[in-house]
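Reading through the structure tokens given below for one structure.
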Amino acid sequence: MHNFVTIEGCEGVGKTYQTKLLRQYCEERGLNVVFTREPGGSDIAEQIRKIILDANNNEMDDMCEAFLYAASRIQHLKDIVKPALSQGKVVICDRYVDSSYVYQGLGRGLGLDKIVRLNEIAVGEYMPEFTVFLDLSPDNAFLRKGGADQNDRMEAVGYAFHRKVYEGYKRLIANDPDRFEVIDASGTKEQTQAKLREVLIRRGVLK
Ligand code: TYD
């Protein structure tokens, strides 16, 4: 979908910080860009997010989790993404279907095919024009972050899981190289930000 950009990466890669800097850059230049995130991003979707990430919900079935992410995605598309795109705005979304492919499909082991099918139903033609992958292995990411947040159900899940997630992203990129822009995020925050802007300018979504 034209003007729809998603950003992906493992825990601790600095996605939140990078999108914050990017948002400031766009605001300073008066660029019409909508920044949003998943899971959540709108009222109902944020309520679903709370259920998913609540550390007390450790009895949650993996497939239930996958459907909740998809449900949050449907609502967020309706409330935020579709209206903005139809007004000709650029939408930059922190996480989208690729997170479900790798976290639920590969990390949880539900199977990539099943999660791709579920998300086809959820998003239809609303696939990103391209996806930026901030590339930092979980070893480096958790080192940088000082360990996982035990109050976050997804972060607390353990190193082997996050390794599978990282390898999952690499597999998606290998299968669909034209959709992904891979950015090495192992340098300083400023270096990563400069690379991110360069990609978005080259792809014509930022000036
Ligand atoms: P968040 O605090 O937003 O993490 P981050 O800053 O790393 O993006 O929490 C989102 C968590 O949900 C994160 O662990 C990734 C996970 N997730 C999935 O497992 N599947 C999905 O489809 C999405 C969108 C996120």
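For the range 184-203, filtering for residues that are surrounded by 14 or more Cβ atoms within 10 Å (Cβ to Cβ) and either polar (S, T, N, Q) or over 19 Å from F35 (Cα atoms) (or both) leaves 4. G14 - would you say it is within 11 Å of the ligand (Cβ to nearest atom), in contact (Cβ under 8 Å) with a residue 40 or more places away in the chain, surrounded by fewer than 20 Cβ atoms within 10 Å (Cβ to Cβ) and closer than 24 Å to P138 by Cα? Spelling it out, G14 is indeed within 11 Å of the ligand (Cβ to nearest atom), in contact (Cβ under 8 Å) with a residue 40 or more places away in the chain, surrounded by fewer than 20 Cβ atoms within 10 Å (Cβ to Cβ) and closer than 24 Å to P138 by Cα.
Evaluation of I74 against the conditions (1) closer than 26 Å to K195 by Cα; (2) away from the ligand (no atom under 11 Å from the Cβ) shows that the sole unmet condition is (1).
On the given criteria, is S99 hydroxyl-bearing (S, T, Y) and either away from the ligand (no atom under 12 Å from the Cβ) or touching a Gly at 6+ places or on another chain (Cβ under 8 Å) (or both)? For S99, the condition - hydroxyl-bearing (S, T, Y) and either away from the ligand (no atom under 12 Å from the Cβ) or touching a Gly at 6+ places or on another chain (Cβ under 8 Å) (or both) - is not met. Among the residues of the range 134-146, none qualifies, meaning not one is touching a strand residue (DSSP E or B) at 6+ places or on another chain (Cβ under 7 Å) and surrounded by fewer than 17 Cβ atoms within 10 Å (Cβ to Cβ). Among residues of the range 139-153 that are over 9 Å from G12 (Cβ atoms), those with a Cβ under 7 angstrom from a residue that is of a type in the set (D, E) and assigned to a helix (DSSP H, G or I), sequence gap 6+ or separate chain, pair up as D149/E155. For Y166, the conditions (1) touching a Ser or Thr at 6+ places or on another chain (Cβ under 8 Å); (2) touching a residue at least 60 places away in the same chain (Cβ under 8 Å); (3) farther than 25 Å from E65 by Cα; (4) of a type outside the set (V, I, T) all hold with the exception of (3).
Restricting I74, I7 to residues that are modelled with pLDDT of 95 or more and surrounded by fewer than 20 Cβ atoms within 10 Å (Cβ to Cβ) narrows the list to I74. Can you say whether I80 is buried (at least 18 other Cβ atoms within 10 Å of the Cβ), free of Cβ contacts under 8 Å to residues at least 60 places away in the same chain and in contact with a strand residue (DSSP E or B) (Cβ under 9 Å, 6 or more places away or on another chain), as far as the supplied structure shows? So I80 passes the test.
Residues are listed down the side, and each one gets a yes or a no for (1) more than 12 Å from the ligand (Cβ to nearest atom); (2) modelled with pLDDT under 95:
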position: G88; (1), (2): yes, no
position: D94; (1), (2): no, no
position: G109; (1), (2): yes, no
position: F142; (1), (2): no, yes
position: D149; (1), (2): no, yes
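Go through the range 17-41 and give me each residue that's among the polar types (S, T, N, Q) and surrounded by fewer than 17 Cβ atoms within 10 Å (Cβ to Cβ).
Hits for the range 17-41 are Q24, N32.
For the subset of the range 102-133 comprising residues that are more than 19 Å from M60 (Cβ to Cβ) and in contact with a Leu (Cβ under 8 Å, 6 or more places away or on another chain), which member is surrounded by the most Cβ atoms within 10 Å (Cβ to Cβ)? Among those that are more than 19 Å from M60 (Cβ to Cβ) and in contact with a Leu (Cβ under 8 Å, 6 or more places away or on another chain), it is V132.
The values are calculated or read from the model by the stated rules, or taken from the named source; none is laboratory data. Just so it is clear, the structure is predicted and the values come from calculations on it, not from any experiment. Neighbour counts run over all protein chains shown; Cβ positions are idealised from the backbone, glycine included.
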